[in-house]
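Participant: Here you go, one structure.
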């Protein structure tokens, strides 16, 4: 227990401690400040790598156990007990790969920050705070804690863009800040909605245990008492998932006939996809990228965008499955729209960095699409495998895009540092002028293009392949993006790297790539190739968790949602039959009947098909609990 | 070790060696001798060892799996038993088809009833495993296609039972392709050592002018060339080695990117980088279709593997067994997965209509329901989409109409690349994949393949007539020949198509290398600058003559001929058979036969213009010279192969044709009394390929093919050999046609107008929407908020604060006023005292009056 608290807290807060320590260092000792910061990021990276290395058999340690689906290294300590807020963290196959990606990219992008010359101390402190925020988001399991970290990460980013950015930095920083804040507000509303709808007493003992609820005994006592109005609200994400899937706490109608979880899903989804970003909420991204200094672009594209995807898979779907099922087409449609729109927009850019930024919009569209393809439904006999493939592909795409987009931004930064412009039409001939640099850049761009053998391919293809079972139309449109992607990447390469000679200003400054820059580029390339050739090295970490989550949702679809849909359909048909009866002479009676039926079907129907929703759900949860209870009995 | 263990290892090594070479050159290239000259040695030895390993595998394979009895070309005489009874009225079997996919029509009844027909019985029986009644037929000792060697290296991802693997599927076709690719690649590596020697020192590139108009000087990059070549060989061999269609796609893309690098080798030239982009993007258009095909397969079958795999002790059927199960006599059947996928709506309806308690349980349709749906044609279109999708990829890769436009431009690459990548191997990968995936294609798809092939072969051949760039003529010729192969596969000639693939690889790489030798000598691609070169470069001229004779299929009919004779002959024969079986489809035959004439014409036009006659440009002629030995020796090797590769080895049954007969996937010949026809087009019949060896098909086909070729050859001689006809005059007379052909049927212009420009327009529009609409909205929103804030500020300032300030100032000023009084002057005070006293008196009087008055009013009340 204490191990977990120590290591996870260290991972999250070591950067902040480093930032505190930096306060003691005089501001003119620039080199020392940089080295300390680099050392801190390296230390955090080393910690996560330590956790990632598989443990020996049977040894109980904080090392990440591959093949285990559940949360690992969990601890749950009261923080603000009066509001049921806990210091609750843990890692599983969904969050841990992103944690490693974050620490890895933090090291590389900080190393790329040597080009930042002004106010280095402030930059380093903010950078470290940013890292704490990012890691906290991925590790937090308490919704409130999650929200805090989400906001913590926002502020340093604002200053990093706004102070160290390009000419329009204030505009970009404000735009970034307001967009994200808007999302945060939506998220906060949803958090409170879910909090006040939640009730731990609805969960049975195994479910509480699975959710790592700290005060189980208290809950059980309250359950016995079964007092009215004494709901036990919670921010526990895992408990909220259990409630979303096994109880009807979030099914109450809220507004315009839509349930609470429908609205919660929508609010959370908007909050998260602003971060992803998706069209049409994406315009902060190109501006932020163009103005941000290179290392911040790397972090922004490499890590920050992933938080949106992470939120969707971690929070939206498991907590609000019913809404997720109903809105799946919207989610997928938005994903496909982003893919196409981003690719087209990228093609028209003349600013190199803007092009890469739009390519991020397009690539992150795959993530949203992959997460959304709820193909585990009746027509496929609730086959969870294809959806799981989509979610796995989306998660892989997040990792792969983290590597390739960070690499692309870095490669743009390398030449920007030299010639101080990014106009695609004023490059050319870099292959000849800077052969090593170009040789390193081209594989990275091909990774972005989705070339097999590099990291971009796996995610894109897995996502695309998984869509067909959900919607043929979306699948075909998604597949067509490969043409556009090839178009904009190849045209960019042609304009920048090929051709006889450099066409822009400051040609003399095109010095060969330095050793430091190479040292940043090589790891990215190595991982791009490794992930492309042997993607199992990522999948082995994430697949068990994702499979388990998707399987649970597939079972939920089969056991809860399908009877619900059948009941709705039966009710609709009954209503239609009744309204057909209206034409008959005995009007008053019919009207009366009609009224009753209408009322019934508006709320969860209880009469006609209604054993449907609630009791069935309960039965399911009881049934599911049975083996666990048995296991306990045996113990 | 038995063959099944050792062959995958040998081929795997042959596959990975070029990768090792690639990595070595990438990391150590510039340090490998002067300008990386040692890189050539590394790459060449890698591929040479690869060839040795492949050839060894071929031998081991043939020992382990003896070949069947020969049919062709050594077996013509066997057909003599047969007479005209095979001349079945074509309409007979084109009628009366029911709605079931595979119905038996007495098509081959006569044939199979003939007990003397041993040659066919062997193969027919082999392919049609349903012939259980062995005693009835000589098929008792039927040969079955050898079981492919299937295995898995590792999986890219596993989701439940879904898995995408890196593995292998090795059958005769794989081994033959490995040997062919490594052999040709070895020859080309040697040749390239000579051809690329310019790159060993600083290179002046006149085609890449710098801003001041001077030709560009740059250091040579000899090693880069061999680096890409090695990567290409690795990718190409991986494509052939692949055990599943997804892995094929992976290497499919990789050969594409190698092609991109190699076309763009002279990346300083704008034309080269544009051509490279065009090649990749056009291929991606094809791959778009490929992905759709993959999705249709994956979503309904849950596997990409070609062959059956054993996973965790259980046999998982591959695509081929799912589509053509052994217990269904290897006949095409719509797999259950596709049926249920197509019936998704019905299942959904059933589930939702069921009582809620049983809803979930009813999602699994019964076997009877699946059979019912299948008989109603459910899922068949998925099979068609899968086939068409995969074929789409092949259209891109093999430069078939309408995606053929990239290949001629790809000639921007160095000539060894054109020989290896863009004629012999990569572009043939599309044909290879059609052959590999043949069991999945429905008759409808095959018809599409036929017509795409026919149209391609015709269009490309006509363009080749007017082209004057020696490499472009060959490029169009390649497109046209690939069209032949597609056509052959489409009309049911699996062996014919693959046969032509192999023979074409030899003679076309030979032709390209010869043209490279000429370009090397003349420093120009234009045939209008050449002429009479055979005196200067006899090795090149006569090896190229061999190549030309091979491609036109020159032969003494029925006796002996160049390799192209055998393969083209079987294509023409099969298309004739197809016409017979489908009277409404004569065009494939016309295209094949007419194409033979055009091929002969443009090939000999090329040869005569280059090597015969008088030099057109004396400067060029003076400087021309024969290429070094390292270049022309590979030409000789390939010339020998181009001549004899189709010949049977004397005294054995070893021949290329026979190997391909063995390679034919199981179930790929309609069995006795069985006709393949489509469901969507039920009067379409895919004829049995073995029937094309019958005399009544074979003899006319041979005569027609040879006759048309001879016609084309004579025309070429008349125009360019002896000068009996004047090409200029003809050009004048048919100006419009000439213009049309010279402009390549306007495809580039058409695509530019229809696709490229609209895409750019859309992308600009979208970028504008972003900038003006969305950002405009956001900015205006922000501006609006600020305006509101400003107004709020003004209200605050003037209304709220104004009120407060006004109040304050009132109070203040009311405080100020009395201050005046306190001015410290005694006189004033005295005045005030007096005035005050007076006022008191007055007031008290007045008030008294007032109070009196008040008192009155009160009193009145």
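Only the coordinates and a few stated rules stand behind these numbers; no lab work does. Computed from a predicted model, the values in this text were never measured in an experiment. Glycine also receives a Cβ, built like all others from the backbone with ideal geometry; neighbour counts cover every protein chain displayed.
Participant: Using a 10 Å cut-off around each Cβ, can you sort B:529, B:199, A:31, B:346 from fewest to most neighbouring Cβ atoms?
Facilitator: On the way: B:529 19, B:199 23, A:31 9, B:346 15.
Going from sparsest to densest Cβ surroundings: A:31, B:346, B:529, B:199.
Participant: Roughly speaking, what is the stretch gain from residue A:13 to residue A:69, that is 0.36 nm per residue apart minus the C-alpha to C-alpha distance, in nm to one decimal?
Facilitator: Length gained, residue A:13 through residue A:69: 17.6 nm.
Participant: Here is a follow-up. Can you sort B:589, B:178 by how many other beta carbons sit within 10 Å, fewest first? Walk me through the numbers on the way to the answer.
Facilitator: Working: B:589 24, B:178 28.
Exposure proxy ranking, most exposed first: B:589, B:178.
Participant: At each listed q (0.09, 0.12, 0.16 Å⁻¹), what is the log10 of I(q)/I(0) that the Debye formula gives for the stretch A:327-566 modelled as equal alpha-carbon point scatterers?
Facilitator: Here log10 of I(q) over I(0) equals -0.42, -0.68, -1.04.
Participant: Based only on other Cβ atoms within 10 Å, what is the fewest-to-most ordering of A:503, A:275?
Facilitator: Working: A:503 15, A:275 27.
Fewest to most other Cβ atoms nearby, the residues stand as A:503, A:275.
Participant: Please express the shape of the stretch B:256-295 as an equivalent ellipsoid: the semi-axes are the square roots of 5 times the eigenvalues of the C-alpha gyration tensor, given largest first in whole angstrom. Provide the component values of the computation, followed by the final result.
Facilitator: Details: eigenvalues 125, 15, 3 Å².
Ellipsoid half-lengths, sorted descending, are 25, 9, 4 Å.
Participant: Report the relative contact order of chain A, percent, no decimals, based on alpha-carbon pairs under 8 angstrom and at least 6 residues apart.
Facilitator: Details: 1068 pairs, mean separation 84.2, N = 635.
Relative contact order here is 13 percent.
Participant: While we're here: Using only atoms on other chains, find how many Cβ atoms lie within 10 Å of each Cβ of peptide A:497-509 and report the average. Kindly include the intermediate steps, with their values, before the conclusion.
Facilitator: Values: counts 2, 11, 6, 13, 7, 1, 1, 0, 0, 0, 0, 0, 0.
Partner-chain Cβ atoms within 10 Å, mean over residues of A:497-509: 3.
Participant: How much of the pair distance distribution for the stretch A:11-113 lies past 19 Å, counting alpha-carbon pairs only, in percent? Write out the running numbers ahead of the final one.
Facilitator: On the way: 2913 of 5253 pairs.
Result: 55 percent of Cα pairs exceed 19 Å.
Participant: Hey, another quick one. At a Förster radius of 25 Å, what calculated FRET efficiency corresponds to the Cβ-Cβ distance of residue B:752 and residue B:526, to the nearest 0.05?
Facilitator: Result of the calculation: an efficiency of 0.50.
Participant: Let me ask another. Quick one, what does Rg over Rh come out to for the protein assembly as shown if you take C-alpha atoms and the Kirkwood Rh?
Facilitator: Working: Rg = 39.1 Å, Rh = 36.2 Å.
Computed over Cα atoms, the ratio is 1.08.
Participant: To the nearest 0.05, what FRET efficiency results for residue B:349 and residue B:375 with a Förster distance of 22 Å applied to their C-beta separation? Write out the running numbers ahead of the final one.
Facilitator: Numbers: r = 19 Å, r/R0 = 0.89.
After rounding to 0.05, the efficiency reads 0.65.
Participant: Run the quick spin-label model on residue A:473 and residue B:271: label points 7 Å from Cα toward the beta carbon, then report their separation in nm to one decimal.
Facilitator: It is 4.6 nm.
Participant: How much length would be gained if the chain were fully extended between residue B:699 and residue B:616, taking 0.36 nm per residue of separation minus their Cα-Cα distance, in nm to one decimal? Provide the component values of the computation, followed by the final result.
Facilitator: Working: separation 83, 0.36 × 83 = 29.88 nm, distance 4.27 nm.
Here the answer is 25.6 nm.
Participant: If one puts a single equal scatterer on every Cα of chain B and applies the Debye formula without solvent, what log₁₀ I(q)/I(0) results at q = 0.07 Å⁻¹?
Facilitator: -0.59
Participant: Can you bin every Cα-Cα distance in the stretch B:429-521 into 10 Å intervals starting at zero and give me the percent of pairs per bin, rounded to whole numbers?
Facilitator: Cα pair-distance distribution for the stretch B:429-521, in percent: 18, 43, 27, 10, 2.
Participant: Kindly express, to the nearest 10 degrees and within the range 0 to 90, the angle between helix B:494-522's C-alpha long axis and the longest C-alpha principal axis of chain B.
Facilitator: Taking the Cα atoms of chain B, the angle to B:494-522 is about 80 degrees.
Participant: Counting only helical runs of four or more DSSP H residues, what would the 222 nm mean residue ellipticity of the protein assembly as shown come to if each run contributes -39,500 (n - 2.57) and the total is spread over all its residues? Don't skip to the end; give the middle numbers.
Facilitator: Numbers: 60 runs with 962 residues, N = 1496.
Helix-only estimate at 222 nm: -21500 deg cm²/dmol.
Participant: Using alpha-carbon positions, what is the distance between the centroids of the stretch A:411-434 and the stretch A:129-194, in Å?
Facilitator: 32 Å
Participant: Under the rule a/c < 1.5 gives rounded, and otherwise a/b versus b/c splits prolate from oblate, where does the stretch B:387-434 land using the Cα gyration tensor? Could you put the intermediate results ahead of the total?
Facilitator: Values: a/c = 4.01, a/b = 1.71, b/c = 2.34.
Oblate.
Participant: To continue, here is another question. Can you work out the FRET efficiency for the pair residue B:326 and residue B:651, with r the C-beta to C-beta distance and R0 = 35 Å, to the nearest 0.05? Write down the numbers at each step before the final one.
Facilitator: Numbers: r = 36 Å, r/R0 = 1.02.
In this case the efficiency is close to 0.45.
Participant: Given the Cα-Cα distance of residue A:50 and residue A:515 and 0.36 nm per residue of separation, how much length would full extension add, in nm?
Facilitator: On the way: separation 465, 0.36 × 465 = 167.40 nm, distance 2.71 nm.
Contour length minus Cα-Cα distance gives 164.7 nm.
Participant: Now, a different point. Give the relative contact order (percent, whole number) for the stretch A:327-566; include only Cα pairs under 8 Å separated by 6+ residues.
Facilitator: The normalised contact order for the stretch A:327-566 reaches 27 percent.
Participant: Taking chain A as the reference, fit the longest principal axis to its C-alpha atoms, fit the long axis of helix A:328-347 to the helix C-alpha atoms, and give the angle between the two in degrees, 0 to 90, nearest 10.
Facilitator: It works out to around 20 degrees.
Participant: Here's another thing I want to ask about it. Between 0 and 90 degrees, rounded to the nearest ten: what's the tilt of helix B:538-552 against the longest Cα principal axis of chain B?
Facilitator: It is inclined by approximately 90 degrees.
Participant: Express the relative contact order of chain B as a whole percentage, based on alpha carbon pairs under 8 Å and six or more residues apart in sequence.
Facilitator: 15 percent
Participant: Another question, if that's okay. Under a point spin-label approximation (7 Å from Cα along Cα-to-Cβ), what is the residue A:329-residue A:230 distance to one decimal in nm?
Facilitator: Those two pseudo-labels are separated by 4.7 nm.
Participant: Could you work out how far apart the two model spin labels at residue B:734 and residue B:843 are, taking each label as a point 7 Å from the Cα in the direction of the beta carbon, and quote it in nm?
Facilitator: Each label point is offset 7 Å from its Cα along the Cβ direction, giving 12.8 nm.
Participant: While we're here: So if I take the alpha carbon set of chain A, get Rg, then get Rh from the Kirkwood formula, what is the Rg over Rh ratio? Each step should come with its number before you reach the end.
Facilitator: Details: Rg = 26.0 Å, Rh = 25.7 Å.
Across chain A, the Cα-based Rg/Rh ratio is 1.01.
Participant: With viscosity set to 0.890 mPa s and temperature to 25 °C, compute the Stokes-Einstein D of the stretch B:537-666, Rh being the Kirkwood radius across alpha carbon pairs; µm²/s, no decimals. Write out the running numbers ahead of the final one.
Facilitator: Values: Rh = 17.2 Å.
In µm²/s, the coefficient rounds to 142.
Participant: What does the average come to when, for each residue of peptide A:340-348, you count the partner chain Cβ atoms lying within 10 Å of its Cβ?
Facilitator: Details: counts 2, 4, 2, 2, 10, 10, 3, 7, 12.
Per residue, the number of nearby Cβ atoms from other chains is 6 on average.
Participant: In addition: Suppose we keep just the alpha-carbon trace of the stretch A:414-509; what are its Rg and Dmax in angstrom?
Facilitator: 16.8, 55
Participant: Restricting to Cα atoms and excluding each atom paired with itself, what does the Kirkwood estimate give for the stretch B:380-489 in Å?
Facilitator: On the way: mean 1/r = 0.0725 Å⁻¹.
Computed over the stretch B:380-489, the radius equals 13.8 Å.
Participant: Can you list the residues of the stretch A:284-302 with backbone N under 14 Å from a point 7 Å past the Cα of residue B:771, pointing along Cα to Cβ?
Facilitator: Only A:287 fall inside the zone, counting backbone N under 14 Å.
Participant: Using the 2.2 N^0.38 Å rule of thumb for compact globular proteins, work out how the stretch A:226-367 stacks up: its C-alpha Rg over that value, please. If you can, show how the numbers build up before the last one.
Facilitator: Values: Rg = 18.1 Å, N = 142, 2.2 N^0.38 = 14.5 Å.
Taking N as the residue count of the stretch A:226-367, the ratio is 1.25.
Participant: Within 10 Å of each Cβ in B:205-216, how many Cβ atoms from other chains are there, averaged over the peptide?
Facilitator: On the way: counts 1, 0, 1, 5, 2, 3, 4, 1, 0, 0, 1, 4.
For this peptide, the per-residue mean of nearby foreign Cβ atoms is 2.
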